[in-house]
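The values are calculated or read from the model by the stated rules, or taken from the named source; none is laboratory data. In this text the structure is predicted, and so the values were computed from the model without any measurement. Positions of Cβ are generated from backbone atoms using ideal geometry, with glycine treated the same way; all protein chains shown enter the neighbour counts.
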Amino acid sequence: MSSPPEPCLLIISAPSGAGKTSLAKALVDTLDHTELSVSHTTRAPRPGEQDGRDYFFVDRQTFKSMIDAGQFLEYAMVFDHYYGTAKKAIEEKIAAGQTVILDIDWQGARSVRQQIPGVRSVFILPPSRQVLEGRLQSRGQDSDEVIARRMRDAVEQMRHYAEFDQVIINDEFDDALADLGKIALGQNGAIRPNTLNMEALLDQ
């Protein structure tokens with residue numbers, strides 16, 4: 001892929017297990033002048049994660065002090081931990097000519113859209129509930145109880161897909177990545193889940 005004609009802010013949201021983080025990282029590897037925003041979080045690092053590369057890991061007191069100082073573009077509580085995007089870092093990267101990808105939930109996306117005109121937003125959907133649950137189970141990191149909770153939360157998150165500019169179904173990874181690259185480059189219109197049974201995805 002070639003570099004974007006101009007820097008932009010691209011929001012990517014999805015339920016846990018839909019593959020948004022893998023797609024975002026792959027996009028950075030294939031698209032010039034593109035990088036992931038590094039969020040702050042109060043959760044503990046997972047095996048292999050590094051401070052400053054995957055997240056800025058901070059304690060709750062530090063995070064709340066940053067909230068009080070108005071340093072976040074968006075922040076939210078997810079699975080009992082805070083996550084937030086620092087305003088200054090985003091502004092500096094875009095000013096330097098970088099396209100910045102925000103890997104955030106629908107609540108954060110709503111907040112960012114209200115504050116920054118021209119932001120692009122994409123929601124990633126799984127091809128089915130069964131595929132989503134299988135992806136969560138294949139991680140081997142969570143108990144059955146946690147997976148059930150993540151599935152319930154996933155359904156609630158997916159109800160907000162229509163708030164986004166484009167929707168991509170992550171069935172075949174390479175196809176989803178190609179669609180995401182086109183969106184980042186501003187080369188196509190909305191991708192809607194016309195072939196997806198949304199009732200089956202959203203039915204509790």
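Annotations for the structure displayed:
- Residue that is modelled with the lowest pLDDT [pool: residues in region 76-127 that are on the phi > 0 side of the Ramachandran plot and small (Gly, Ala, Ser)]: GLY118
- Here the condition is being in contact with a Lys or Arg (Cβ under 6 Å, 6 or more places away or on another chain), closer than 14 Å to GLY108 by Cβ and surrounded by 15 or more Cβ atoms within 10 Å (Cβ to Cβ); of LEU9, LEU73, it holds for LEU73 alone.
- Filter result for the condition that a residue is within 12 Å of THR99 (Cα to Cα) and either within 13 Å of the chain's Cα centre (by Cα) or among the hydroxyl-bearing types (Ser, Thr, Tyr) (or both), over THR30, THR34, THR42, THR62: THR34
- Top-ranked residue of region 112-158 - restricted to ones that are acidic (Asp, Glu) and surrounded by 15 or more Cβ atoms within 10 Å (Cβ to Cβ), ranked as farthest from GLY17 (Cα to Cα): ASP153
- Long-range neighbours under 7 Å by Cβ, at least six apart or interchain, first residue exposed (fewer than 13 other Cβ atoms within 10 Å of the Cβ) within region 176-201, second at pLDDT below 85 and part of a helix (DSSP H, G or I): ALA200/ARG129
- For GLY108, the requirement of being touching a residue at least 12 places away in the same chain (Cβ under 8 Å), surrounded by 12 or more Cβ atoms within 10 Å (Cβ to Cβ) and over 27 Å from PHE173 (Cβ atoms) is not met.
- In region 90-106, the qualifying residues are those that are within 17 Å of the chain's Cα centre (by Cα) and among the hydrophobic types (A, V, I, L, M, F, W, C), and the one that is farthest from SER39 (Cα to Cα) is TRP106.
- In region 47-77, the residues that are farther than 30 Å from LEU185 by Cα and either of a type in the set (A, V, I, L, M) or touching a residue at least 60 places away in the same chain (Cβ under 8 Å) (or both): VAL58, MET66, ILE67, ALA69, MET77
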